[in-house]
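Inspection log for the structure reproduced underneath, given as structure tokens.
The values are calculated or read from the model by the stated rules, or taken from the named source; none is laboratory data. This one's a predicted model, so the numbers in the text were calculated from it and none came from an experiment. Cβ placement follows ideal geometry from the backbone for every residue including glycine, while neighbour counts extend to all protein chains displayed.
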Amino acid sequence: MRYDYAVVGGGIVGLATAHALAGRHPGARIVLLEKESGPAQHQTGRNSGVIHSGIYYAPGSLKARMCAAGVGSMMAFCDEHGLPYEQCGKVIVATAPEELPQLDRLYDRGLQNGLKVQKLSGEQVREYEPHVQAIAGIRVPSTGIVSYRQVSAVLVDLIRARGTEVRFGVKVERLTPTADGYEIGTSAGSFAARVLVNCAGLHSDRVARLAGTDPRSSIVPFRGEYYELRPERRSLVRGLIYPVPNPDFPFLGVHFTRMIDGSVHAGPNAVLAFAREGYRKADVNLRDLREVLANPGFRTLARQNLREGAMEMLRSWSKATFVRSLQRLIPEVSADDIVPCAAGVRAQALTPEGKLVDDFLLIDGPHALHVCNAPSPAATSSLEIGRAIAARVPAAPSRPTLSLTPQGVPA
């Protein structure tokens, strides 16, 4: 069968894209291909479940715009489909005087991004989080928590109900351009599609190259390792507690997150994973590792961040060091209070010059659109990303060509 649209990737961005395509183009023939046995098996199902506010992102960036809109659309989606979520808010706290200028910059950025943010003294921080040690903070009330696995499961049901074919256990192995689309070779045979949408996450750069498109970056996998507070110590955390992030590093620092099931996670750190799906320290994929180590951009990044990288590695192997990071926020936490829990891997795009791509990266190609960088807050923004993609691909079947802006999304 020939399809109008083929979406590669069954994480929340791929599912949201298929959902938006089916809604915008009724009657179109759509197939979603996912190599795993079910949806949300990687970044989507292994993150902290935060509905991000958008405070961290550069004003006017795709992240800032889509995240701000995504908060409302994600919560509305949950209301419509009876999914549990909570708009619990979060505090970002400074624990040392040298962090105050960056805290002020974050506050200003929040205002620029249209957020209702509140400056807090140390005493006011403790009104929200009594166990936190801080000299100042910011309250971000729009932040929430949800299970993105549950959201993804509902999306699967919705897109199937609209006639989209969802094929799990199907790995894309080759892409052959044709006069009016692609021949898609997979582990389950061939598929033909007029338009390809690449939402392959950890493998998005490889899928883009299979399609003959330069992704202008390479995916570097960073593992985020978490601990969980023992049930009897969950009372130490009421909501979400974040440190002031390092402005030169794309990660938010070790923090506390109350999950929608009531558990409290502490983390993550950010260490190089030796496999794109390397959720354990012992996971090694030689192809993945060779690609990273041979990448001149990664070598540049490593040289420029030796101190931060060494600290992340030490925190990975030393529970005592991890605990000391947590104690900067909550001094009462001890090593006996936390136990290891599941890790995640962030698919972070890196340019050949050694710069971490700090925005969503959507690249157009002949009859295709490639989502080549969609780490956090992509889950929060997923419904908006899906709508933006659906708005740019042509209606089926009357328009045979694809025309996109340079960034692949509306200005």
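List the pairs whose first member sits in the stretch 284-297 and is in contact (Cβ under 8 Å) with a residue 40 or more places away in the chain and at negative phi, whose second member is exposed (fewer than 12 other Cβ atoms within 10 Å of the Cβ) and in a loop (DSSP other than H, G, I, E, B), and whose Cβ atoms are under 7 Å apart, counting only residues at least 6 apart or on separate chains? Qualifying pairs under 7 Å: G297/E353. Where strands (runs of 3 or more DSSP E) fall wholly inside the stretch 218-319, the ranges with 1 or more residues that are surrounded by 19 or more Cβ atoms within 10 Å (Cβ to Cβ) and either outside the structural domain of A343 (by TED's automatic domain parsing) or among the charged types (D, E, K, R) (or both) are 218-229, 255-258.
Does V345 satisfy being closer than 25 Å to R46 by Cα, buried (at least 19 other Cβ atoms within 10 Å of the Cβ) and in contact with a Pro (Cβ under 7 Å, 6 or more places away or on another chain)? For V345, the condition - closer than 25 Å to R46 by Cα, buried (at least 19 other Cβ atoms within 10 Å of the Cβ) and in contact with a Pro (Cβ under 7 Å, 6 or more places away or on another chain) - is met. In the stretch 53-65 there is at least one residue that is part of a helix (DSSP H, G or I) and closer than 27 Å to A342 by Cβ. With respect to (1) part of a strand (DSSP E or B); (2) in the same structural domain as Y3 (by TED's automatic domain parsing); (3) within 17 Å of I219 (Cβ to Cβ), the lone exception for D364 is condition (3). Residues in the stretch 66-95 that are farther than 19 Å from Y128 by Cα and of a type in the set (A, V, I, L, M): M66, A68, A69, V71, M74, M75, A76, L83. Name the single residue, out of those in the stretch 107-118 being surrounded by 13 or more Cβ atoms within 10 Å (Cβ to Cβ) and under 12 Å from R139 (Cβ atoms), that is farthest from the chain's Cα centre (by Cα). Residue satisfying both the conditions and the ranking: Q118. Considering V50, V13, the condition of being closer than 19 Å to I241 by Cα and in contact (Cβ under 8 Å) with a residue 40 or more places away in the chain is satisfied by V50 alone.
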